[in-house]
Amino acid sequence: MTQTTTAPDPRRVEAAPAIEVRGLQVRYGDFSAVRGIDLDVRRGEVFALLGTNGAGKTTTLEVLEGFGTRSGGTVSVLGLDPAVDRAALQPRMGVQLQEGGFVDELTVVETLRLWERLVERPDRPERLLERFELTGRRDVAVSKLSGGEKRRLDLALAVWGSPELVILDEPTTGLDPGSRRRTWDAIQELQEAGRTVVLTTHYLEEAEALADRVAIMHEGRLAVAGTLAEIIATQPAGFSATLPDGADELPVLGGTVDRDGAQVRVQTDDLQRDLTDFLGWAAARGVRLSDLRAAPASLADIYHAVRTGSEQT
Ligand code: ATP
């Protein structure tokens with residue numbers, strides 16, 4: 001990789017997207033963990049990177065954070081190259097790694113006070129203790145915290161001083177539902193303040209609840225990326241119904257029809273057309289349908305399609 005030492009133009013840095021990645025490759029020895037991905041994250045959005053285990057999400061985040069070394073491609077984070085300008089980026093970025101590296105002997109509040117001295121962005125330990133419900137654990141040594149409490153402390157450090165860009169690697173893994181919900185609130189708070197958040201998650205409902213745009217990685221590549229509506233539109237929608245006893249042959253429909261006794265399921269690229277044909281057929285024969293449901297593909301369907309290699313993108 002060629003690294004430039006020319007000072008970046010401050011106007012270009014100001015106007016740059018939050019993240020712009022082109023053809024990113026990362027190799028560990030002979031193994032290609034990231035195989036040429038493009039990624040665009042706009043300022044002020046929450047971007048969720050989903051993917052199978054070992055897809056390369058953490059590896060990608062490490063490059064964005066300036067901790068990982070790329071083997072190819074270009075990377076711009078807030079207008080700077082993290083491989084070259086990590087020192088300039090650090091004050092503008094908050095990072096939560098998959099595993100936090102705390103000083104075990106320090107208490108929670110001591111850890112926050114240490115952070116206060118290390119990080120240029122102003123903030124108050126008390127605010128974060130309260131925000132992440134650690135007030136009752138303030139004098140407990142970090143080594144004695146539960147996994148979920150450590151995760152919350154880690155998140156508190158990442159959002160300290162509300163940085164321009166926050167990168168969170170599986171921020172809610174291991175959290176109970178209440179803590180997860182409050183973590184979502186903290187992420188939404190950052191977004192409302194105009195900050196950019198990039199997070200990885202294995203929870204589809206988390207991506208649905210938080211993210212403006214989503215990308216799904218699989219085996220080092222980006223399988224799909226876009227708004228939820230855009231990526232959901234790449235997969236067929238479906239409808240299903242239960243037929244009454246004695247219902248005769250179904251009409252010819254454009255989608256894939258799967259009939260199991262009285263149950264009918266149809267997957268289609270044209271939900272309106274096929275559902276109209278189906279309902280017209282039922283009306284013409286006086287067939288009373290029960291359990292009629294129609295829905296677009298879900299993020300879970302897309303994820304499943306990516307995993308099974310049947311995505312069309
Ligand atoms: P998960 O969802 O399981 O956390 P991930 O998408 O974050 O996975 P990565 O941690 O980026 O995946 O790992 C991508 C691949 O690179 C995996 O096959 C992993 O075993 C491999 N890998 C990661 N770090 C190293 C390393 N330091 N040396 C060698 N291989 C590595």
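Annotations for the structure displayed:
- Cα lying deepest toward the dipole's positive end in the chain, options Gly286, Thr256, Trp115, charges on Cβ: Trp115
- Taking the helices alone, the chain has a mean residue ellipticity at 222 nm of -9000 deg cm²/dmol, built from -39,500 (n - 2.57) per DSSP H run of at least 4 residues and averaged over all its residues.
- Under 5 Å from the amide H of Ala33 lie the amide H atoms of Val26, Arg27, Tyr28, each residue being 5 or more positions distant or on a separate chain, with H modelled from the backbone and absent for Pro and chain starts.
- The Rg/Rh ratio of the chain, with both radii computed over alpha carbons and Rh defined as the Kirkwood radius, is 1.09.
- Rounded to the nearest 20 debye, dipole of the chain from Cβ charges on Lys, Arg, Asp, Glu: 540 debye
- Residues whose amide H lies under 5 Å from that of Val166, counting only those 5 or more places away or on a different chain, are Gly94, Thr196, Val197, Val198; hydrogens are built 1.01 Å from N in the peptide plane.
- From the C-alpha gyration tensor of the range 157-313, square roots of 5λ in Å: 41, 16, 13
- Zero-based 5 Å bins, Cα pair distances in the range 41-185, whole percents: 2, 9, 18, 21, 21, 15, 10, 4, 1, 0
- The range 28-83: C-alpha gyration tensor shape, a/c 1.5 cut-off, then a/b vs b/c: oblate
- Kirkwood-type radius of the range 135-213, with distances r between different C-alpha atoms, in Å: 13.2 Å
- Sequentially through the range 252-263, phi angles give Karplus couplings (6.51, -1.76, 1.60; θ = phi - 60°) of 7, 10, x, x, 8, 9, 10, 10, 10, x, 7, 7 Hz, Gly and Pro residues having no value and appearing as x.
- Contact order normalised by residue count of the range 236-296, Cα under 8 Å, 6+ apart, percent: 51 percent
- Kirkwood Rh in Å, taken over all unlike Cα pairs in the range 266-313: 12.8 Å
- Mean sequence separation of contacting Cα pairs (under 8 Å, at least six apart), scaled by the length of the chain, corresponds to a relative contact order of 19 percent.
- Hull volume in cubic angstrom per residue (convex hull over the Cα atoms of the range 236-296): 69 Å³
- The range 96-140 versus the range 261-313: alpha-carbon centroid distance in Å: 50 Å
A short reminder: the numbers here are calculations on the coordinates, not readings from a lab. Bear in mind that the values here come from a model prediction, so they are computed numbers and not experimental data. FYI the Cβ positions are ideal-geometry reconstructions off the backbone, even for glycines, and counts take in every protein chain you see.
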